[in-house]
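To start, the structure under review is shown below, and the notes come after it.
Laboratory data are not the source of any read-out in this text; all were calculated from the coordinates shown. Small disclaimer: the values here were computed from a predicted structure and weren't measured. So basically every Cβ, Gly included, is an ideal-geometry build from the backbone, and we count neighbours across all protein chains shown.
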Amino acid sequence: MAPDVRINPSILAADFVNMQAELARIATADFVHVDVMDNHFVPNLTFGPQMVERIQATSPVPLDVHLMIDDPDRWAPGYAEIGAASVTFHLEAANEPVALARRLRAIGARAGVAVKPMTPVEQLFDIIDDFDQILVMTVEPGFGGQSFMPETMPKLRRLHDEARRRGSQVWLQVDGGIAASTIAQAAESGADTFVAGSAVFGASDPAQAIAALRADASAHMH
């Protein structure tokens, strides 16, 4: 039986001024991917806890929060407390990633860890069970609308194979340049959770776009 496929539209591609209407357009998605950027860890600034709390209050689907911020050890638990279903922090930014993941789980969120395109996934092999989701960035984090980096796929495949070998149930997520043209190769390399921005929010019918991405991914998963 093929594993579940999850499509998590990124609100980086949404119209921020009409957020409630934009969220309503993606009611058929699995999660909404919420990119928090601090202008330090990445060269862009989005929004913080107050905005995320409002998104949480109005979203028809659970929140998949991606923290592209410095000092997530301090800030990440607050997003779990807001009620986000999943909170992902960057391995490169965390001082104590395992302790932080356990704290997120204790609050009630799924604990996620993200790695930039150049960060080796082998660092995660021995701590894989401490996470519910691992996000392999398929662009350099910071801005939406970038081109998918196919050179990240061997890394994703190594992570997938190691997770399988260990019997892990961890979700493997990809984020960056995911669209109809790239989702198949990400699924073939082991991803099961896909962040898509403009491919969903830029579509005239987001529900149709979500269904097409889900079908395409399902057809190429192992």
For segment 167-217 and segment 1-48, write down the distance between their C-alpha centroids in whole Å.
13
Give me T138, T152 sorted ascending by neighbouring Cβ count inside 10 Å, so fewest comes first.
T152, T138
Whether segment 1-134 is rounded, prolate or oblate, judged on the alpha carbon gyration tensor where a/c under 1.5 counts as rounded:
prolate
So what's the back-of-envelope 222 nm ellipticity for the chain, counting only DSSP H runs of four-plus at -39500 (n - 2.57) apiece and dividing by all residues, rounded to 500?
-10000 deg cm²/dmol
Can you bin segment 153-222 into rounded, prolate or oblate? Criterion: square roots of the alpha carbon gyration tensor eigenvalues sorted a ≥ b ≥ c, rounded for a/c under 1.5, prolate for a/b above b/c, oblate for the rest.
prolate
State the extension gain, in nm to one decimal, for the chain segment bounded by D4 and E81, taking 0.36 nm per residue of separation less the distance between their alpha-carbons.
25.0 nm
If a paramagnetic tag sat 7 Å from the Cα of R164 along the Cα-Cβ line, which residues of segment 191-222 would have the backbone N under 19 Å from that point?
191-194, 217-222
Find which of A94, F201, F16 sits farthest along the positive direction of the dipole of the chain, computed with +1 on the beta-carbon of Lys and Arg, -1 on that of Asp and Glu, about the Cα centre.
F201
Counting all Cα-Cα pairs in segment 74-117, those more than 16 Å apart amount in percent to 25
Percent relative contact order of the chain, based on C-alpha pairs within less than 8 angstrom and at least six residues apart?
21
Taking a crude spin-label model, label points 7 Å out from Cα along the C-beta direction, the M51 to D205 distance in nm is 3.1
Which of E96, E140, E22 has the fewest Cβ neighbours within 10 Å, and the rest in rising order:
E96, E140, E22
Within segment 116-168, list the trypsin sites (Lys or Arg not before Pro) lying in a DSSP loop whose Cβ has at most 15 other Cβ atoms in a 10 Å radius.
R166
